[in-house]
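Contents: one structure, followed by commentary.
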Amino acid sequence: MIILTSFDAFRIKTKIVRLILMLSILTSCSINKKPAKTQNNIEKIVNKELTEFLKGSEFSALSGAIYVHGKTYQFHFGKLIDGTKPNNQTLYEIGSLSKTYVGLLLSQAVFDGKLSLDSDIREYLPPKKYSHLKLKNSPMTLRHLATHTSGLPVNLSCNDLNFDEKFNCYKLYSKDVFFDKLSKTKLIDESGENYHYSNTGIALIGYILEDVYNDTYPNLLKKYVFSKSKETNTFYRLNKSSIKKMAVGKNEKGEIMPLASEFYNSAGALKSNTNSMLNYIKMYMNSNDPVVTQSLKLLTEENNRLGRAFVWNTYDYSGSNQMFYHSGGTFGFSSWIALYPKNQIGIFLVTNVATSDAQEKLNQISNKVINEIME
C-alpha cells in the first residue's frame with residue numbers, strides 16, 4: 001500500500017508508531033521455554049485479556065488465533081456493527097500485515113534466482129526515468145526496500161486531502177500513476193542506513209516481482225504463498241461470495257469506513273479471517289520449505305535487539321525470545337501478528353476499528369497473552 005498517510009496506523013506518523021511498538025516490545029516480560037499451559041488455561045488467559053480490551057468504549061469486536069506447540073485456538077469477542085458475533089469465517093482487512101506476504105514472495109524470487117537482494121533496483125526498472133533512485137554511497141537495492149532503509153517516502157500521492165478526496169484519489173491510483181510519481185519523487189534520506197517506513201518501497205517490490213515473473217501479483221500469491229500455507233480465505237480482491245463475509249469497519253468516532261483495501265496494491269490489499277491466518281502462522285512454525293526458512297533470515301544488523309528480516313520486524317533475533325512481528329491498519333481495521341518460532345508460538349489479532357492507538361493496544365495484549373502462556 002502506497003497511498004495512505006500511514007498504513008501501519010492511520011493518522012499516526014510512522015516514527016511514532018515504530019517507537020510505540022519498540023517500547024511495548026522492550027517492556028514485554030521475558031519469554032522462556034517452560035511447557036505451555038493446557039487448553040483450559042490458555043482459554044482463560046485469552047478470555048481475561050481480550051475482555052479487558054473490549055472495555056474500551058471505541059472497541060466492539062475482536063477476533064484472533066493462537067498456535068501453541070502444535071495446538072490451535074480461534075476466538076471471537078463482542079459484536080460486529082450489524083449486531084452479529086464474528087466467527088472463524090468473518091473477513092477483516094489486515095492492512096500492512098499484507099507486507100509480510102511480499103516478503104515471502106521476495107524470498108521465493110531470490111531462491112528462484114529471479115533477482116538479487118543487493119542488485120541495484122534500477123536493473124529492474126526502465127533506465128531513463130529512474131536514474132535518480134540511488135543512495136549517497138551505494139546503489140538502492142531490494143534489501144533497502146525490504147528493510148525500509150531506501151529513503152523513499154511513506155507514500156507518493158493522495159496526501160494532505162480530506163477523507164472524501166483521499167478515498168477518491170485511491171480509486172484512481174493505478175500502476176501507471178505509481179511509476180509516474182516514482183519518476184519524480186525525491187528521497188527523504190540518501191544514507192541507506194536509517195529506518196523510514198515506506199509503503200512506496202514495499203509496493204515497488206510487488207511491482208518488480210510481477211515483472212520478473214511476468215505474472216500478476218494475485219497469481220503469485222496463489223502459486224507461491226497459498227500453495228504453501230493452504231490459505232483458502234485470504235483475498236487480494238473480494239468476489240460476490242467473499243464480500244458477504246466481510247466485516248464493516250469504523251473509525252475512532254464510530255463512523256462506518258469504506259473498504260479501502262480494494263484499491264490498495266501488494267503493500268496492503270489483503271483481507272483474511274482467523275482460519276486462514278492460523279494456516280499462515282502454522283506454515284512458519286512447521287514448514288521445512290527453504291523459501292519459508294529464508295524469509296525469516298535477518299537482513300539488517302540488530303540494533304538494540306531490533307532488526308528486520310524479509311519485511312518482518314524482528315526482536316531478539318539471536319536470543320531465546322526471538323520474535324517476528326508486524327502491525328496493520330486501514331480506515332476501519334487494526335491488526336497484529338507475532339511469531340515466536342523458537343518457542344513454537346504464533347498469534348494473530350484483529351478488530352474492526354481503526355484508532356490512533358489500536359495497533360499499540362493489540363501489541364500490548366499480544367505480549368500479555370504470550371507471556372502468560374509461557375509463565
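The values are calculated or read from the model by the stated rules, or taken from the named source; none is laboratory data. What you see is a predicted model, and the numbers here were worked out from it, not measured in a lab. Cβ coordinates were reconstructed from backbone atoms using ideal geometry, including for glycine residues, and neighbour counts include every protein chain displayed.
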Residue satisfying condition, being of a type outside the set (D, E, K, R), surrounded by fewer than 17 Cβ atoms within 10 Å (Cβ to Cβ) and under 25 Å from Ala260 (Cα atoms), within set Asn47, Asn40, Asn87: Asn87
- prompt: Taking into account only those residues within segment 302-341 that are surrounded by fewer than 24 Cβ atoms within 10 Å (Cβ to Cβ) and of a type in the set (A, V, I, L, M), which is modelled with the highest pLDDT?
  reply: Ala309
query: Just to be sure, is Ser272 of a type outside the set (Val, Ile, Thr), in contact (Cβ under 8 Å) with a residue 24 or more places away in the chain and under 29 Å from Lys79 (Cα atoms)?
result: yes
- prompt: Quick one: is Leu152 within 22 Å of the chain's Cα centre (by Cα), at pLDDT 95 or above, in a loop (DSSP other than H, G, I, E, B) and within 22 Å of Glu123 (Cβ to Cβ)?
  reply: yes
- prompt: Looking at segment 263-301, which of its residues are crowded, with 24+ Cβ neighbours inside 10 Å, of a type in the set (A, V, I, L, M) and not in a helix (DSSP H, G or I)?
  reply: Ala267, Ala269, Leu270
field: When residues of segment 114-123 are limited to those that are more than 23 Å from Lys223 (Cα to Cα) and in contact with a helix residue (DSSP H, G or I) (Cβ under 9 Å, 6 or more places away or on another chain), the one surrounded by the most Cβ atoms within 10 Å (Cβ to Cβ)
entry: Ile121
- prompt: Which residues, counting only those in segment 248-262, are part of a loop (DSSP other than H, G, I, E, B) and either free of Cβ contacts under 8 Å to residues at least 24 places away in the same chain or buried (at least 19 other Cβ atoms within 10 Å of the Cβ) (or both)?
  reply: Lys253, Glu255, Leu259
task: Determine if segment 156-164 includes at least one residue that is under 21 Å from Tyr197 (Cβ atoms) and more than 23 Å from the chain's Cα centre (by Cα).
output: yes
field: Residue check for Lys245: touching a residue at least 40 places away in the same chain (Cβ under 8 Å) and either more than 25 Å from Ser116 (Cα to Cα) or in contact with an Asp or Glu (Cβ under 8 Å, 6 or more places away or on another chain) (or both)
entry: yes
query: Right, Ala146: among the aliphatic types (A, V, I, L, M) and under 24 Å from Asp189 (Cβ atoms) or not?
result: yes
field: Every residue from segment 318-356 that is over 24 Å from Lys71 (Cα atoms), of a type outside the set (Gly, Ala, Ser) and either touching a Pro at 6+ places or on another chain (Cβ under 7 Å) or free of Cβ contacts under 8 Å to residues at least 24 places away in the same chain (or both)
entry: Phe331
task: Tell me which residues, restricted to segment 182-232, are more than 23 Å from Ser107 (Cβ to Cβ) and touching a helix residue (DSSP H, G or I) at 6+ places or on another chain (Cβ under 8 Å).
output: Leu182, Thr185
message: Would you confirm whether or not segment 202-222 contains a residue that is closer than 30 Å to Ala358 by Cα and touching a Pro at 6+ places or on another chain (Cβ under 8 Å)?
response: no
Looking only at segment 92-113, and only at residues there that are surrounded by 24 or more Cβ atoms within 10 Å (Cβ to Cβ) and not in a helix (DSSP H, G or I), the one that is farthest from the chain's Cα centre (by Cα): Tyr92
query: Among (1) touching a residue at least 60 places away in the same chain (Cβ under 8 Å); (2) surrounded by fewer than 18 Cβ atoms within 10 Å (Cβ to Cβ); (3) β-branched (Val, Ile, Thr), where does Val177 come up short?
result: (1)
field: Those residues of segment 184-235 which are in contact with a strand residue (DSSP E or B) (Cβ under 9 Å, 6 or more places away or on another chain), crowded, with 21+ Cβ neighbours inside 10 Å and of a type outside the set (S, T, N, Q), in sequence order
entry: Glu231, Phe235
